[in-house]
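Student: For reference, the structure I am asking about is given below.
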Amino acid sequence: MASTNQQQRIILITGANKGIGFEVVKKLIEQPSSNSKDILLLGSRDIKRGEDALKQLGSPPNVHLLQLDTSSKESIATATNEIKQKYGGHLDVIINNAGIVPRDNTIQAARETQVTNYYGVKMLNEHLIPLLREHGRVVNVASSIGPMALHCFSKDLQEKYTSETLTKGQLDLLVEEFLSAYESNNVEKIGYRPDLPYLAYGVSKVALIALTRIEARQYSGAQNIFIYSVCPGYCATDLNNKAAGARPAALGADSILYVVDTPNHELENGGFYLDGKKEPQICMDEAKVQFFIQTSKKHLESK
Ligand code: NDP
């Protein structure tokens, strides 16, 4: 068992073999405040890709590879057992970074996106939040595409996704209704905007931001656990084929680490953050939404 003491934080970062997650691990290793006291669990669904990432980091003794496919219940259960056996069964921070964009417009790709970006995070948190120590926190990596997408949906959907009384069951139902309408080409009928670029991805992040608020209500109080969602900003990674003009993944890592390291009393439990600022659940900036739609359409056309 890796030796831990009271001061050591144990931090899990999912999907950390590349992109923004990898940069988060790199920065946590370099951070003078956390230094080698933190134990970092570098999550990777593929062992080889995880080992390569570890090597690239110089295999520091406080960084351990954890095989974890966040879309698989079996993989989450196995990883939970590994944390119990090797790391004392405790975590202090869970960074749900793993995520995908649909590879095409098929229903299979739309479902896979919900399974990874929404259902996977929900399932992982249900397994791992019970291992969090007092004042532990969860950071769900969402996207500003969520609030911009919600801006374009019907008032009814806006109210449902942002309701203070929304439950996980109701949220699952919203996602399932979206998927059935997507399959039958009927999303407009239930209040979604069919021509919105990255629609299925946007819905997965709308759901993740809503889930974060539900989880914050569920786990606050007795367990003293804090849960946030965060956008890393538009970063050049494999997710967007290293889009021209996007910022470096290291800046995305900074946006995530802000909610990892800022004292909980300075943040709003359940809140959504970007670059250290709290962001609304529905983007109200019409010009920003239009800019997103135009640039995304151009990006998709150029692919
Ligand atoms: P990358 O594609 O570079 O990296 C994604 C990571 O997630 C990879 O390590 C990938 O593993 C992993 N992953 C995907 N599916 C699973 C799974 N089922 N189980 C475990 N790991 C998985 O993307 P980014 O670094 O850009 O994205 C990181 C997060 O940031 C995502 O949640 C994304 O939605 C979000 N985000 C990104 C933005 C950007 O502009 N890049 C903007 C806003 C949000 P593998 O190598 O095996 O595929």
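The values are calculated or read from the model by the stated rules, or taken from the named source; none is laboratory data. Remember, it's a predicted structure, so these values are computed and weren't measured experimentally. Cβ placement follows ideal geometry from the backbone for every residue including glycine, while neighbour counts extend to all protein chains displayed. Note: areas computed on protein heavy atoms with side chains; ligands, DNA, RNA excluded. Shrake-Rupley method; radii C 1.70, N 1.55, O 1.52, S 1.80 Å.
Student: How large is the charge dipole for the chain, taken about the Cα centre, if only the Cβ atoms of Lys, Arg (+1) and Asp, Glu (-1) carry charge, to the nearest 20 debye? All intermediate terms of the calculation are to be shown ahead of the outcome.
Tutor: On the way: 33 positive and 34 negative charges, 90 e Å.
I would put it at about 440 debye.
Student: Relative to the longest principal Cα axis of the chain, at what angle does helix 19-30 sit, 0 to 90 degrees, rounded to 10?
Tutor: Here the helix axis deviates by roughly 30 degrees.
Student: Here's something else I'd like to know. Would you mind computing, in nm to one decimal, how far apart the modelled labels at H135 and K278 are, each placed 7 Å from Cα along Cα→Cβ?
Tutor: 2.1
Student: Counting DSSP beta bridges with both partners in the chain, what percentage is antiparallel, nearest 5? List each step's numbers first, then the result.
Tutor: Working: 3 of 29 bridges.
Antiparallel bridges make up about 10 percent of those DSSP assigns within the chain.
Student: Right, another one. Please list, in order along region 46-60, the HN-Hα scalar couplings obtained from phi with the Karplus expression 6.51 cos²θ - 1.76 cosθ + 1.60 (θ = phi - 60°), rounded to whole Hz, x for Gly and Pro.
Tutor: 10, 4, 4, 5, x, 5, 4, 5, 4, 4, 4, 8, x, 6, x
Student: Given 0.36 nm per residue, what is the gain on full extension from T106 to E183 after removing their alpha carbon distance, in nm? Write out the running numbers ahead of the final one.
Tutor: Values: separation 77, 0.36 × 77 = 27.72 nm, distance 0.80 nm.
That pair, T106 and E183, stretches by 26.9 nm at full extension.
Student: Right, another one. Between N240 and S72, what is 0.36 nm times their sequence separation minus the Cα-Cα distance? Round to one decimal in nm.
Tutor: On the way: separation 168, 0.36 × 168 = 60.48 nm, distance 2.38 nm.
The span from N240 to S72 would gain 58.1 nm if fully extended.
Student: Using a 1.4 angstrom probe with every protein chain in place, what is the largest-first accessible-area order of T262, T78, T106?
Tutor: Values: T262 15, T78 90, T106 50 Å².
Final ranking, largest accessible area leading: T78, T106, T262.
Student: Using a ≥ b ≥ c from the Cα gyration tensor of region 164-303 (square roots of the eigenvalues), is it rounded, prolate or oblate, where a/c under 1.5 gives rounded and otherwise the larger of a/b and b/c decides, a/b for prolate?
Tutor: Values: a/c = 2.25, a/b = 1.16, b/c = 1.94.
Here region 164-303 falls in the oblate category.
Student: Go ahead and estimate [θ] at 222 nm for the chain from helices alone: -39,500 (n - 2.57) per DSSP H run with n ≥ 4, summed, over the residue count, rounded to 500.
Tutor: Details: 11 runs with 135 residues, N = 303.
Computed ellipticity for the chain at 222 nm equals -14000 deg cm²/dmol.
Student: If you average the sequence gap of Cα pairs under 8 Å that are 6 or more apart and divide by the length of region 156-303, what percent do you get for the contact order?
Tutor: Values: 144 pairs, mean separation 29.7, N = 148.
Normalised by residue count, the contact order of region 156-303 is 20 percent.
Student: Charges at C-beta only: +1 for Lys and Arg, -1 for Asp and Glu. How large is the resulting dipole of region 256-303 about its Cα centre, in Debye rounded to 20? Spell out each step's value before the answer.
Tutor: Numbers: 6 positive and 8 negative charges, 70 e Å.
Magnitude of the dipole: close to 340 debye.
Student: Distances over 34 Å make up what percent of all Cα-Cα pairs in the chain?
Tutor: Numbers: 7804 of 45753 pairs.
So the portion of pairs separated by more than 34 Å is 17 percent.
Student: If you filter region 127-217 for trypsin sites (Lys or Arg not before Pro), then keep DSSP loop positions with at most 15 other Cβ within 10 Å, what is left? Working shown, then result.
Tutor: Details: sites: R133, R137, K155, K160, K168, K189, K205, R213, R217; in loops: none.
Here no trypsin sites (Lys or Arg not before Pro) fit, given the DSSP loop and packing criteria.
Student: What does the charge count around E268 come to, taking other residues whose C-beta lies under 13 Å from its C-beta (Lys +1, Arg +1, Asp -1, Glu -1)? Present the calculation step by step, with values, prior to reporting the outcome.
Tutor: Details: positive: R137, R213, R217, K277, K278; negative: E266, E279.
Residues near E268 contribute +3 overall.
Student: Can you tally the net charge around H90? Count Lys and Arg as +1, Asp and Glu as -1, for every other residue whose Cβ sits under 12 Å from the Cβ of H90. Each step should come with its number before you reach the end.
Tutor: Details: positive: R9, K84, K86, R133; negative: D92, E134.
Net of charged neighbours comes to +2.
Student: Taking the Cα atoms only, what angle lies between the long axis of helix 286-301 and the longest principal axis of the chain, rounded to 10 degrees?
Tutor: With both axes taken from Cα atoms, the answer is about 90 degrees.
Student: Roughly how many debye, to the nearest 20, is the charge dipole of region 76-192 about its Cα centre, given +1 on each Lys and Arg Cβ, -1 on each Asp and Glu Cβ, and no other charges?
Tutor: Working: 11 positive and 14 negative charges, 68 e Å.
That gives region 76-192 a dipole magnitude of about 320 debye.
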